[in-house]
Each structure stands twice: as C-alpha cells, then as structure tokens.
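Some notes on the structure that comes next.
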Amino acid sequence: MAEATPQTEQPELKRAIGPKLLLFFVVGDILGTGIYALTGNVAGKIGGALWLPFLLAFVVAFLTAFSYLELVGKYPRAAGAALYTNRAFKIHFLTFMVAFAVMCSGITSASAAALAFGRTYLRQLLVTFFDVALSPESLAITGIAVIFIAALAVINFRGVSESVKVNVVLTCIELSGLVIIILIGAWAVVNGDGNPGRLTEIDVPSGSNVMLAVTSATALAFFAMVGFEDSVNMAEECRNPVKIFPRAMLWGMGIAALIYVLVAITSSLLIPSDELAKAGSSALLRVVTVGAPGFPLWVFALIGLLAVINSALINMLMASRLLYGMANEKIIPKFFGVVHPFRRTPWISIVFTTGVAVILVSTADIGKLGGTTSLLLLIVFTIVNVACLVLRREPSEHKHFRAPTWAPVLGAITCAYLAIPWTSGRPIDDYKIAGWLLLAGLVLWGINRVLHGKVEIHPEKLGK
C-alpha cells in the first residue's frame, strides 16, 4: 500500500495560542453569566455570607482542574470529557451520555444567559433610554429572550469563527464590570459605609440546617465557576500545551475566584441578603445603584449585556457543533449532521439546539437553568475525576503534569456530593430539567441503535 502523500493528509490545527492568550481564554470562559445573573439567587440560599459558596465552588472546581490538567497533558487532543471517559471505561453508551450532557449544559447555560439578557440588562437599557418599564416576568420580556436565542441561531447559521484575540477584548469588558463592583465596595469601606457584620450571617430556611444551606448555595454558585474545562478543547491549538496548560488554568481559575469573592463581599457589605435575593438577576445593578448613585447605570447594564451575549453565543456554538459531531460519528440519527450547502454550517443541529433553548427560556427561570447547568457538569466532572485515576494504568510516551492523588479523589467526592439530591439541597426542578434533557439523548441513541446497530465512537472527532 502506498504511503499517504502530504497533499492527502489532514493538516494539523495551527498552534497559535501562547501562555498569555490561554490565560485570558480561561478567565474569559469562566467570567460571564454566572456572576452577572445569579448573585441574588445565591444570596437567597445562604444569606450575608455570600462569599462562602463562591469560595467553596472554586475549591471543588480547582480539585477537578487537576484531573483535567493531567489528562490534557497525557492526551493533548481537542475532545475533553468524552475522550477521557471513552479511554478509561470503553463503554460507548457512557461516552455518548457524557458528551450529550456536556452539550445540554451548553444549551441550559445559554438559556440562562438569554433570560439575563431580556429580564435584566436589556430591560434596564429600555428604562434608561426609552422610559419603558417592563415586568421581568412579562410575556414581552420572555419574547425578547426567545428573539435573542433566535438571533444567536442566525449568527450560528451564518458561520462564526471563534478567535481567542476577540475573546481577550470581551474578557476585558466582562472584567471591567466586575472591577467596577469591587471598586464600589472599596470606596464604601473607605467611607465607613456598609455592614461588615453581614459577611458572617448564614440564613437557614425552615426545615433545613446550616450544612444544607451552604451546600445548596455552593451547588448553585458552581455555575459561575464552570467554563475552565472548555479550555482543554484548545489543546491542539496551543504551543507546547503540556508545559503551559497547568499554570494558565490554575492562575486563570484563581483570578476568577478572587474576583467572584470580592464581588460577593461587596454585594453583602452594601445590601442585605433579602434585598439581593429579591433583586434576583438584577442584584449587581442594585449594588451599583446603592454603592455609587452617581454612576451611570446604563454603562454597567451595557457591560452586563455584552457579558451574557458572549457566554450565550459560545455555548450555543459548542452545543450545535457537538450535536453535529455526534451525528457525523453516526451515534445519533445522521440527519443532525446535515450541512447547509451554501453556509456550510450544521443547520439541523442549530435548529434542534435552538428549539430546546426556546422551550427552556419559555418554561424555566434563571436559577433553575443555572442549577441544571451545574448539575450536568458536576456529574460529568465526577466521571472525569474517576477516569483520571483509572487512566493512570495506561502508560504515556511523554512526560506530563501528574496531579497529586488526593486531588482527583477529593474532586470526585465533592462533585458527587454537590450532585446528589440528599446532600446538595438542590431543588427537584434541577433534576427534572436534567432528566428530560438526558432522556432526549437516550431516545436519540435508541433510534440510532435500532437503525444502524452498534457504532464505534471516536470522541476526538465529536467537536469537529
């Protein structure tokens, strides 16, 4: 058999990302809808000690990051959790469900961003510039969120080439909004404003206890820490990923966590937890209003708008491409892999993921969608942590980062703890939404199995 010529070989992705760009990518992927939309919801679960669940969520995510760093160093491919699951357990159905759960987390995250877009930041701009005050729960606002999802689908359909350099600009914009909140808090402390005593208050709902209140708030706050795992999909485009990934990911997560804790402290210093909870997704707007009355609120609203747009677009792109990859690998019905002849985009997958997002936007609130996103990813992270331990039996041909054994062990335990209903204190709606989404995946798997029989999965091709 003749050897393949260079012309017939598939070219490798360009390795254009260095350590600084990767650091910005990690920070930018974490910052976004979680902190901009869920601060009030988390306050409603914990009280004035709002900083605590964000800190604990960071610890859980940090432990899991060690597993990702070991695995991406050992297998520097753009595939992530599905690849690690497949190599560790070699159970095709489990690999598929992990990939489908990741896809669903993208849809629920984008849906939460769509509601934050309509109910919070665009609503504030309408009040400021047009003196139009709409109720957050009004049909008009829900309609705006649906239109937002449809607009993302149009952009997705036309074809979007993600650029990490553009990500740097958007990260700076997102970061500027959170820095504004932190500076407002610092100004309040200097002037003797705020109530530091609130920072240690934990409000326990009736029929609950302190531990359950903390874990319930942490389970929701975890939504703000997700995104770091997406960086492993850039492994094939990084220069020397084995060397630069550990420092970039750990520093990026640390920077994001520090910002979150400072934002949470500022929010609790200036506003009682019951007011933050009542404000819901508008909690940070409320902080700006109270802490800096002279600051133009529309500026922060515009920053928040850009933050949630960026999060939503990235997540819907990921979801549609992952669904397309599954169809292309023949593990779900192949019509999901149909590509538009002119736009060269997977339009059936785009329509499907958009339809699911529209249903979610029309039937759930931001808290439920954020909770569902964190639940799906905590399940995936539990599996990844176990896979890290299992794959240590598989030798590597090159040196790579090796996590201390306690990290994946504690990572698996803490992720499972925040996912189990009896320990996490999660509302039942999180499990209902996640269950319906995963059931849809099970149906698609079953249909394809009946039509085509057993199919081998190549996880490294799912996102391409």
Output the helices (runs of 4 or more DSSP H) that fall wholly within segment 76-144 and possess 3 or more residues being farther than 29 Å from Lys454 by Cβ and in contact with a Leu (Cβ under 7 Å, 6 or more places away or on another chain), or say none.
92-116, 123-130
Step by step: first the residues of segment 406-430, then only those that are among the hydroxyl-bearing types (Ser, Thr, Tyr) and touching a Leu at 6+ places or on another chain (Cβ under 7 Å), then the one that is nearest to Leu389 (Cα to Cα). Which residue is that?
Thr414
Among the residues in segment 211-227, are any among the aromatic types (Phe, Trp, Tyr), modelled with pLDDT under 85 and out of contact with any strand residue (DSSP E or B) (no Cβ under 7 Å at 6 or more places or on another chain)?
no
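Conditions tested, residue by residue: (1) open to solvent by less than 40 Å² (accessible area, probe 1.4 Å); (2) under 13 Å from Arg426 (Cβ atoms); (3) in contact with a strand residue (DSSP E or B) (Cβ under 9 Å, 6 or more places away or on another chain); (4) not in a helix (DSSP H, G or I).
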position: Val361; (1), (2), (3), (4): yes, no, no, no
position: Thr373; (1), (2), (3), (4): yes, yes, no, no
position: Leu378; (1), (2), (3), (4): yes, yes, no, no
position: Val386; (1), (2), (3), (4): no, no, no, no
position: Glu397; (1), (2), (3), (4): no, no, no, yes
If you go through segment 379-398 one residue at a time, do you hit one that is over 30 Å from Ile244 (Cα atoms), in contact with a helix residue (DSSP H, G or I) (Cβ under 7 Å, 6 or more places away or on another chain) and touching a residue at least 40 places away in the same chain (Cβ under 8 Å)?
no
Does Val204 count as part of a loop (DSSP other than H, G, I, E, B) and surrounded by fewer than 16 Cβ atoms within 10 Å (Cβ to Cβ)?
yes
Which of the following residues is open to solvent by less than 10 Å² (accessible area, probe 1.4 Å) and either touching a Lys or Arg at 6+ places or on another chain (Cβ under 6 Å) or part of a helix (DSSP H, G or I) (or both): Gly355, Gly325?
Gly325
Within segment 37-78, tally of residues that are among the basic types (Lys, Arg) and either open to solvent by less than 40 Å² (accessible area, probe 1.4 Å) or out of contact with any Asp or Glu (no Cβ under 9 Å at 6 or more places or on another chain) (or both):
1
Which residue, of Ile147, Ile182, is open to solvent by 60 Å² or more (accessible area, probe 1.4 Å), of a type in the set (A, V, I, L, M, F, W, C), at pLDDT 90 or above and in a helix (DSSP H, G or I)?
Ile147
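Quick grid of which residues meet (1) touching a residue at least 40 places away in the same chain (Cβ under 8 Å); (2) more than 30 Å from Asp203 (Cβ to Cβ); (3) open to solvent by 20 Å² or more (accessible area, probe 1.4 Å); (4) among the β-branched types (Val, Ile, Thr):
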position	(1), (2), (3), (4)
Gly280	yes, no, no, no
Leu297	yes, no, yes, no
Phe300	yes, no, no, no
Asn315	yes, yes, yes, no
Search result, residues across segment 426-464 that are modelled with pLDDT under 90, surrounded by 14 or more Cβ atoms within 10 Å (Cβ to Cβ) and among the acidic types (Asp, Glu):
Glu460
Return the residues of segment 281-304 that are part of a helix (DSSP H, G or I) and at pLDDT below 90; say none if nothing qualifies.
Ser281
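The values are calculated or read from the model by the stated rules, or taken from the named source; none is laboratory data. Keep in mind that what you see is a predicted model, and the values were worked out from it rather than measured. Quick reminder, even Gly has a Cβ in these numbers, built from the backbone with ideal geometry, and neighbours come from all protein chains shown. All accessible areas refer to the heavy atoms of the entire protein, side chains included, with ligands and DNA or RNA removed. Shrake-Rupley method; radii C 1.70, N 1.55, O 1.52, S 1.80 Å.
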